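Written below as structure tokens is the structure these notes are about.
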Amino acid sequence: MKVKLLSALLVSSILLVGCGSDNDDVTEPPVVVPPPADDAIDIDEASAIVMKLASFDAATGALTFSLQDADEKSISKATDYDIYYFGYPDPSSPSTNAKAWKRWHVTQSYKCDSSADEECVGVLTETAIKGQYTFEATDLDLDSQAAAGALALYKVAIQIHGALASNEIELIEAEE
């Protein structure tokens, strides 16, 4: 009998301790995170331009890249460019051409100079994120410049121009 009474006392004391808690259903107000400060600068104010390629589709020539200055601030309002696409043969395949050591290639270029009266070739668009751009290479067709099936390696060189600076140009291989 004492065991039953002791068990009942223990269970009731546990229940009483659990009931005495404060209101746990109080919700905290949501934390409001302010939007990031707009650190983008105009391309014509940039004293240095750093271009980082995010993607390059060899089939269409579509590019996605970002522009930053030396302080890693996003660069906005880019319009002037020189973009060159290159097509190369498979580097591991032998050639019957005696001058193959010169590593022949085919090219197609796209340019835009807003100070000239000429129409821009290709479409450069800044995305909703300042400093990020896409480029559409209209009518890109490197394969028509070489024998059927001869091109196996595609590269691009991108140079973006501002009033004070241009990025260093480098040859970048397409993604597989």
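The values are calculated or read from the model by the stated rules, or taken from the named source; none is laboratory data. No experiment lies behind these values; they were computed from the predicted model shown. All Cβ positions, even for glycine, are placed from backbone atoms using ideal geometry, and neighbour counts span all protein chains on display. With ligands, DNA and RNA removed, areas are computed over all heavy atoms of the protein, side chains included. Shrake-Rupley method; radii C 1.70, N 1.55, O 1.52, S 1.80 Å.
When the residues of region 95-116 are narrowed to those that are in contact with an Asp or Glu (Cβ under 9 Å, 6 or more places away or on another chain) and open to solvent by less than 30 Å² (accessible area, probe 1.4 Å), which ends up modelled with the lowest pLDDT? Quick ask: steps written out before the conclusion?
Looking only at region 95-116, we keep the residues that are in contact with an Asp or Glu (Cβ under 9 Å, 6 or more places away or on another chain), and these are 106, 108-115.
Checking the rest, the ones that are also open to solvent by less than 30 Å² (accessible area, probe 1.4 Å) come to 106, 110, 112.
Details: Val106: 92, Tyr110: 97, Cys112: 96.
The qualifying residue modelled with the lowest pLDDT is Val106.
Identify, by number, the condition in (1) modelled with pLDDT of 55 or more; (2) more than 30 Å from Ala163 (Cβ to Cβ); (3) open to solvent by less than 70 Å² (accessible area, probe 1.4 Å) that Ile49 doesn't meet.
(2)
May I ask you to list the residues in region 130-165 that are more than 18 Å from Trp104 (Cβ to Cβ), assigned to a loop (DSSP other than H, G, I, E, B) and touching a residue at least 12 places away in the same chain (Cβ under 8 Å)?
Correct list: Lys130, Gly131, Ala137, Thr138, Leu140, Gly162, Ala163, Leu164, Ala165.
Since Glu168 meets every condition but one in (1) in a loop (DSSP other than H, G, I, E, B); (2) farther than 30 Å from Asp39 by Cα; (3) not hydroxyl-bearing (Ser, Thr, Tyr), which condition does it not meet?
(2)
Quick check, is Thr138 surrounded by 13 or more Cβ atoms within 10 Å (Cβ to Cβ) and among the hydroxyl-bearing types (Ser, Thr, Tyr)? Outline the logic, then answer.
Working: surrounded by 13 or more Cβ atoms within 10 Å (Cβ to Cβ): no; among the hydroxyl-bearing types (Ser, Thr, Tyr): yes.
In short, no.
Based on what the data block shows, is Ser114 in a strand (DSSP E or B) and free of Cβ contacts under 8 Å to residues at least 60 places away in the same chain? Break it down into steps so the answer makes sense when it comes.
Values: in a strand (DSSP E or B): no; free of Cβ contacts under 8 Å to residues at least 60 places away in the same chain: yes.
The answer is no for Ser114.
Being open to solvent by 70 Å² or more (accessible area, probe 1.4 Å), in a loop (DSSP other than H, G, I, E, B), modelled with pLDDT of 90 or more and not charged (D, E, K, R) is the requirement here; does Ser92 meet it?
Numbers: open to solvent by 70 Å² or more (accessible area, probe 1.4 Å): yes; in a loop (DSSP other than H, G, I, E, B): yes; modelled with pLDDT of 90 or more: no; not charged (D, E, K, R): yes.
So Ser92 fails the test.
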